[in-house]
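The values are calculated or read from the model by the stated rules, or taken from the named source; none is laboratory data. Just so it is clear, the model here is predicted, and its values are computed rather than measured. Glycine also receives a Cβ, built like all others from the backbone with ideal geometry; neighbour counts cover every protein chain displayed. The protein model used for the area step is the full one, side chains on, heavy atoms only, and it has no ligands, DNA or RNA in it. Shrake-Rupley method; radii C 1.70, N 1.55, O 1.52, S 1.80 Å.
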Amino acid sequence: MNQDQLKQAVAQAAVDHILPHLDSKSVIGVGTGSTANYFIDALARHKMEFDGAVASSEATAARLKSHGIPVYDLNSVGELEFYVDGADESDEHLHLIKGGGAALTREKIVAAVAKTFICIADQSKLVPVLGRFPLPVEVIPMARSHVARQLVKLGGDPVYREGVVTDNGNVILDVHNLQIVNPVELEAQINAIVGVVTNGLFAARPADILLLGTPEGVRQLNR
Ligand code: 5RP
C-alpha cells in the first residue's frame, strides 16, 4: 500500500468510528490537509446521516460545500462531538505537531471545542520524539523578526514560510532543529511570545484517538 492508500484507509476508519454516534443534529469538526480531504470524501457518502460540519480552513469549507455538506460557523454551534484531522507528527502520547498546511490556529480552536479529537495519519507520522518535522508558528506579520529572535533563544532555527498567508491574514515561521522532549511546556513557552498567534504543538489538548494506517491494517492508539 502506498501512502495515499494508507491515508484513505484511516479516513474510512474514522468515518466508521463516528457513524454509529451521529444523528440528524450532529455537527462534525473537520480538519485540513490531504488525509482530512480523504475523510471529507468518505464522509460525504453519509451526508444524510448528520446535520453538517465546522471547517478548520477555507479550503476545507470549500471541499465540504462541494459535496453539499452544510458548513457552520463555530460560534453558531453548541456542541461538537468529534473533530477529525490529520497531523504532521504524533508521539505515543498523542501529542502532535500540526500546521504543515498553515491551518494550525483554526484547527486548534475546533479541537479545543470538540469532545473527542480523532487524529488520522499514515504510519510515517508516528515518531518517538517530536521535532523532526519543523514546528509551524503562526505570527502577526509585524512581529515576525521579534518572534524569530525569541525562537532562536529557545534553541530553534526559524524559517519564514515565504509566500504563505494564513486564513487569518498572518505569516508562518517553521522552526527547525527542535528536540521536543516536553511538548506541553514548549507549547506554552512559544505561545507566551508576544506576536505569536499559536504554535503547531497540540500537547495541552492532544488527540484522544490516533488511527494509524499501516500495511497490516488500521492501528488504534488511545490516550
Ligand atoms: C494542516 C495540518 C495537517 O493536518 C497536516 O499538515 C497533515 O497533512 P496531510 O494529511 O496532508 O499529511 O496540520 O495545517
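Going through the stretch 41-73 one residue at a time, which ones are in contact with a strand residue (DSSP E or B) (Cβ under 8 Å, 6 or more places away or on another chain) and under 15 Å from Ala11 (Cα atoms)?
Hits for the stretch 41-73 are Leu43, Thr60, Leu64.
Considering only the stretch 64-84, state which residues are part of a loop (DSSP other than H, G, I, E, B) and free of Cβ contacts under 8 Å to residues at least 40 places away in the same chain.
Quick first cut of the stretch 64-84, residues part of a loop (DSSP other than H, G, I, E, B) only: 67-70, 72-73, 77-81.
Within the stretch 64-84, His67, Gly68, Ile69, Pro70, Asp73, Gly78 qualify.
Somewhere in the stretch 19-28, is a residue crowded, with 20+ Cβ neighbours inside 10 Å and either part of a helix (DSSP H, G or I) or in contact with a strand residue (DSSP E or B) (Cβ under 6 Å, 6 or more places away or on another chain) (or both)? Step through it out loud before you land on a result.
Taking the stretch 19-28 as the starting set, the residues that turn out to be crowded, with 20+ Cβ neighbours inside 10 Å are 27-28.
If we keep only those that are either part of a helix (DSSP H, G or I) or in contact with a strand residue (DSSP E or B) (Cβ under 6 Å, 6 or more places away or on another chain) (or both) too, we end up with 27-28.
Yes, the stretch 19-28 contains at least one residue that is crowded, with 20+ Cβ neighbours inside 10 Å and either part of a helix (DSSP H, G or I) or in contact with a strand residue (DSSP E or B) (Cβ under 6 Å, 6 or more places away or on another chain) (or both).
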All-but-one check, Val184 against (1) within 13 Å of the ligand (Cβ to nearest atom); (2) touching a residue at least 60 places away in the same chain (Cβ under 8 Å), failing number (1)
Within the stretch 116-150, residues under 22 Å from the mean Cα position of the chain (by Cα) and among the aliphatic types (A, V, I, L, M) come out as Ile118, Ile120, Ala121, Leu126, Val127, Val129, Leu130, Leu135, Val137, Val139, Ile140
Only unsatisfied item for Ile40, checking (1) within 27 Å of Gln179 (Cα to Cα); (2) open to solvent by less than 10 Å² (accessible area, probe 1.4 Å), is (1)
Evaluate the stretch 120-141: report whether one residue or more is open to solvent by less than 60 Å² (accessible area, probe 1.4 Å), of a type in the set (D, E, K, R) and closer than 30 Å to Thr214 by Cβ.
yes
Checking Leu178 against (1) assigned to a loop (DSSP other than H, G, I, E, B); (2) within 16 Å of the ligand (Cβ to nearest atom); (3) open to solvent by less than 50 Å² (accessible area, probe 1.4 Å): exactly one of these is not met. Which one?
(2)
Extreme residue, farthest from the chain's Cα centre (by Cα), among residues of the stretch 83-100 that are buried (at least 22 other Cβ atoms within 10 Å of the Cβ), within 7 Å of the ligand (Cβ to nearest atom) and over 12 Å from Val10 (Cβ atoms)
Asp88
Given (1) hydrophobic (A, V, I, L, M, F, W, C); (2) under 18 Å from Asn191 (Cβ atoms); (3) open to solvent by less than 10 Å² (accessible area, probe 1.4 Å), number of the condition Ala112 does not satisfy:
(3)
Given the condition open to solvent by less than 40 Å² (accessible area, probe 1.4 Å), aliphatic (A, V, I, L, M) and within 12 Å of the ligand (Cβ to nearest atom), answer yes or no: does some residue in the stretch 44-54 qualify?
no
May I ask you to verify whether Val10 is more than 13 Å from Thr60 (Cα to Cα), within 16 Å of the ligand (Cβ to nearest atom) and either crowded, with 24+ Cβ neighbours inside 10 Å or polar (S, T, N, Q) (or both)?
yes
With criteria (1) in contact with a strand residue (DSSP E or B) (Cβ under 7 Å, 6 or more places away or on another chain); (2) within 11 Å of the ligand (Cβ to nearest atom), Arg106 comes up short on (1)
Is it the case that some residue within the stretch 58-65 is more than 16 Å from the ligand (Cβ to nearest atom), over 15 Å from Leu19 (Cβ atoms) and open to solvent by 30 Å² or more (accessible area, probe 1.4 Å)?
yes
Return the residue satisfying two criteria in turn: it lies in the stretch 187-202 and is more than 14 Å from the ligand (Cβ to nearest atom) and in a loop (DSSP other than H, G, I, E, B), and of such residues it is most open to solvent (accessible area, probe 1.4 Å).
Val194
